[in-house]
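Engineer: One structure, as structure tokens, below. Some questions next.
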Amino acid sequence: VERRMVADVPLGAFLSGGVDSSAVVALMARASARPVKTFSIGFREDDEELGYARMVARRYGTDHRELIVSPAMTRVVGEIVRHHGEPFADSSSVATWYLAEMTREHVTVSLSGDASDENLAGYKRYNPARIGHLHDRLSPALRGMLRGALAHVGRRVHPPFGRFASALGESEAARYLRLVGQFTPEEKDALDAPALRDVNTHATRERFEHILAASAGTFPIARTLDLDFQTYLTDDINAKVDIASMAHALEVRCPFLDTAVVEFSARLPFHALMRVRGKHLLRMAMRELLPWQVLYRTKRGFALPLERWLADDLRAMTRDLLLDGTARSRGLFEPRAVEGLFTRFERDRKDADRIWTLLMLELWFREFIDAR
């Protein structure tokens, strides 16, 4: 943190209220002779995130600023699509865009808590991944019993986990794709039109298999961290922050990507990374510096409240874009399958991320392909 505070220009920090950015802000405050400038973003539908950020800001007397993102602010989506230049469906890119814009109004450099989850096993999906690793160590007979029991319970309690449990017999790479992907292979088969289905090469799964096989991790979750470090962190998190910040002439520095931190984290034993939840060592290190409410809060992402927005403010626009003649004429997806996504969403609000993914792809086509 101190190395990344060396600057001849105004300096600040992103503060989400999670343990990662809060740890960075706490250490900045201890190393700074003046109040740290902190910046947070929230949504009118959910003020909880901002509450945690305010808690840390008050504790360290930071010069704190906030911005509330509303559905109308998705007007920048077209600009985000142009800056990325490729289909990019992480909805948190909208919030990150406005966070970078607000931050640049006050400072030139900002520190962030990115890469902590990949270094220190912070994602909730690592727990089902651990179940997969346990499954792989069992005898064939016990594997079948475990799959059956977990699938039965999962279908009743949490259907997505039930579907994951049913697929435990697949390879580690294929299983993890089910945890990080928006669509399962079965859902893709139902959605893809023949023209798209014929060119599906499984390149992502093969890339995952290669990274896992080449990993020097000495236990399964260490290999999973290698995988996320080389894929999710590189292609999603870092890309999203870098593009949003550079679009506003803001430099973002990540202490958790310091070479010494990454190498130290790679040498940690499993029990220092995970207990019931991840980032165990980080929480222990921050016990005296952060409120327990921040240390042990439920992990939340930075994604938009899509369920509410797609049901109300963005409903008509999204349906028009994905179901009009231009989208249908591409021949990529079965129109009835796309309509089915909207029908299920209106019934149970469970396909918002999938709809957003298709929306970003369609906007990319209109910006980069149709415009030519």
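The values are calculated or read from the model by the stated rules, or taken from the named source; none is laboratory data. Just so it is clear, the model here is predicted, and its values are computed rather than measured. A quick note on method: Cβ atoms are made from the backbone with ideal geometry, for glycine too, and the neighbour counts reach across all protein chains shown. Quick note on the areas: whole protein, heavy atoms, side chains included, nothing else; ligands and nucleic acids left out. Shrake-Rupley method; radii C 1.70, N 1.55, O 1.52, S 1.80 Å.
Engineer: Tell me which residues, restricted to region 263-294, are open to solvent by less than 90 Å² (accessible area, probe 1.4 Å), under 26 Å from ASP226 (Cβ atoms) and in a helix (DSSP H, G or I). Break it down into steps so the answer makes sense when it comes.
Structural biologist: Filtering region 263-294 down to residues open to solvent by less than 90 Å² (accessible area, probe 1.4 Å) leaves 265-266, 268-270, 272-274, 277-286, 289-291, 293-294.
Next, only the ones that are under 26 Å from ASP226 (Cβ atoms) stay: 265-266, 268-270, 272-274, 277-286.
Result: SER265, ALA266, PHE270, ALA272, LEU273, HIS280, LEU281, LEU282, ARG283, MET284, ALA285.
Engineer: Please tell me if VAL241 is of a type outside the set (Gly, Ala, Ser), assigned to a helix (DSSP H, G or I), open to solvent by less than 70 Å² (accessible area, probe 1.4 Å) and in contact with a strand residue (DSSP E or B) (Cβ under 6 Å, 6 or more places away or on another chain). Step through it out loud before you land on a result.
Structural biologist: Details: of a type outside the set (Gly, Ala, Ser): yes; assigned to a helix (DSSP H, G or I): yes; open to solvent by less than 70 Å² (accessible area, probe 1.4 Å): yes; in contact with a strand residue (DSSP E or B) (Cβ under 6 Å, 6 or more places away or on another chain): yes.
Yes, satisfied.
Engineer: In addition: Please work out if ALA121 is among the aliphatic types (A, V, I, L, M) and at positive phi. Walk me through how you get there before you give the answer.
Structural biologist: On the way: among the aliphatic types (A, V, I, L, M): yes; at positive phi: yes.
It is true that ALA121 is among the aliphatic types (A, V, I, L, M) and at positive phi.
Engineer: With the condition kept exactly as written, say whether any residue in region 320-338 is open to solvent by 70 Å² or more (accessible area, probe 1.4 Å) and within 30 Å of ALA53 (Cβ to Cβ). Spell out how you get there, then give the answer.
Structural biologist: Kept after step one, since they are open to solvent by 70 Å² or more (accessible area, probe 1.4 Å), are these residues of region 320-338: 320, 328-329, 336.
From what is left, the residues that are within 30 Å of ALA53 (Cβ to Cβ) are none.
Checking region 320-338: not a single residue is open to solvent by 70 Å² or more (accessible area, probe 1.4 Å) and within 30 Å of ALA53 (Cβ to Cβ).
Engineer: Now for a different question. Restricting to region 28-47, name every residue that is more than 22 Å from GLU2 (Cα to Cα) and in contact (Cβ under 8 Å) with a residue 24 or more places away in the chain. Even if it seems obvious, please write down each step before you answer.
Structural biologist: Our first condition is that a residue be more than 22 Å from GLU2 (Cα to Cα); within region 28-47, this holds for 41-47.
Hits for region 28-47 are ILE41, GLY42, PHE43, ARG44, GLU45, ASP46.
Engineer: Now for a different question. When region 212-238 is examined, which residues are found to be aromatic (Phe, Trp, Tyr) and not in a loop (DSSP other than H, G, I, E, B)?
Structural biologist: PHE229, TYR232, listed by residue number.
Engineer: Determine whether ALA352 is among the hydrophobic types (A, V, I, L, M, F, W, C) and either farther than 23 Å from ASP236 by Cβ or touching a Lys or Arg at 6+ places or on another chain (Cβ under 6 Å) (or both).
Structural biologist: Numbers: among the hydrophobic types (A, V, I, L, M, F, W, C): yes; either farther than 23 Å from ASP236 by Cβ or touching a Lys or Arg at 6+ places or on another chain (Cβ under 6 Å) (or both): no.
Taking the combined requirement at face value, the residue does not satisfy it.
Engineer: Give me the pairs, please: first residue somewhere in region 211-227 and closer than 16 Å to VAL262 by Cα, second residue anywhere and of a type in the set (Phe, Trp, Tyr), beta-carbon distance under 8 Å, and either six or more positions apart or on two chains.
Structural biologist: As it stands, the answer is ILE221/TYR126; ILE221/PHE270; ALA222/PHE270; THR224/TYR126; THR224/TYR176; LEU227/TYR176; LEU227/PHE208, since those pairs meet every condition given.
Engineer: Another question, if that's okay. Condition check: in contact with a Ser or Thr (Cβ under 7 Å, 6 or more places away or on another chain), closer than 23 Å to VAL9 by Cβ and of a type outside the set (Phe, Trp, Tyr). Does GLU49 satisfy that?
Structural biologist: Details: in contact with a Ser or Thr (Cβ under 7 Å, 6 or more places away or on another chain): yes; closer than 23 Å to VAL9 by Cβ: no; of a type outside the set (Phe, Trp, Tyr): yes.
Considered against the rule, which asks whether it is in contact with a Ser or Thr (Cβ under 7 Å, 6 or more places away or on another chain), closer than 23 Å to VAL9 by Cβ and of a type outside the set (Phe, Trp, Tyr), GLU49 comes out as no.
Engineer: So which residues in region 151-169 are at pLDDT below 85 and either among the β-branched types (Val, Ile, Thr) or in contact with an Asp or Glu (Cβ under 8 Å, 6 or more places away or on another chain) (or both)?
Structural biologist: VAL157
Engineer: Condition check: farther than 20 Å from ARG163 by Cβ, without any contact (Cβ under 8 Å) to a residue 24 or more places away in the chain, out of contact with any strand residue (DSSP E or B) (no Cβ under 6 Å at 6 or more places or on another chain) and polar (S, T, N, Q). Does SER139 satisfy that? Let's see the steps before the verdict.
Structural biologist: Details: farther than 20 Å from ARG163 by Cβ: yes; without any contact (Cβ under 8 Å) to a residue 24 or more places away in the chain: yes; out of contact with any strand residue (DSSP E or B) (no Cβ under 6 Å at 6 or more places or on another chain): yes; polar (S, T, N, Q): yes.
Yes: the conditions hold for SER139.
Engineer: Which pairs turn up if I take residues in region 54-73 that are farther than 18 Å from ALA303 by Cβ and of a type in the set (S, T, N, Q) and look for partners that are in a helix (DSSP H, G or I) and at pLDDT 90 or above with beta carbon separation below 8 Å, at least 6 apart in sequence or on another chain?
Structural biologist: These pairs meet every condition: THR62/VAL25; THR62/ALA29; THR62/VAL56.
Engineer: For region 1-119, which helices (runs of 4 or more DSSP H) that fit wholly inside it have 1 or more residues that are open to solvent by less than 30 Å² (accessible area, probe 1.4 Å) and modelled with pLDDT under 95?
Structural biologist: 48-59, 77-84, 92-104
Every residue, every condition in (1) open to solvent by 20 Å² or more (accessible area, probe 1.4 Å); (2) within 23 Å of HIS152 (Cα to Cα); (3) touching a Lys or Arg at 6+ places or on another chain (Cβ under 7 Å), yes or no:
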site: GLY162; (1), (2), (3): no, yes, yes
site: LEU168; (1), (2), (3): no, yes, yes
site: GLN182; (1), (2), (3): yes, yes, yes
site: PRO194; (1), (2), (3): yes, no, no
site: ARG207; (1), (2), (3): yes, no, no
site: HIS210; (1), (2), (3): yes, no, no
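Engineer: Sticking with this one: Do the conditions hold for THR201, that is, is it hydroxyl-bearing (Ser, Thr, Tyr) and in contact with a helix residue (DSSP H, G or I) (Cβ under 7 Å, 6 or more places away or on another chain)?
Structural biologist: Taking the combined requirement at face value, the residue does not satisfy it.
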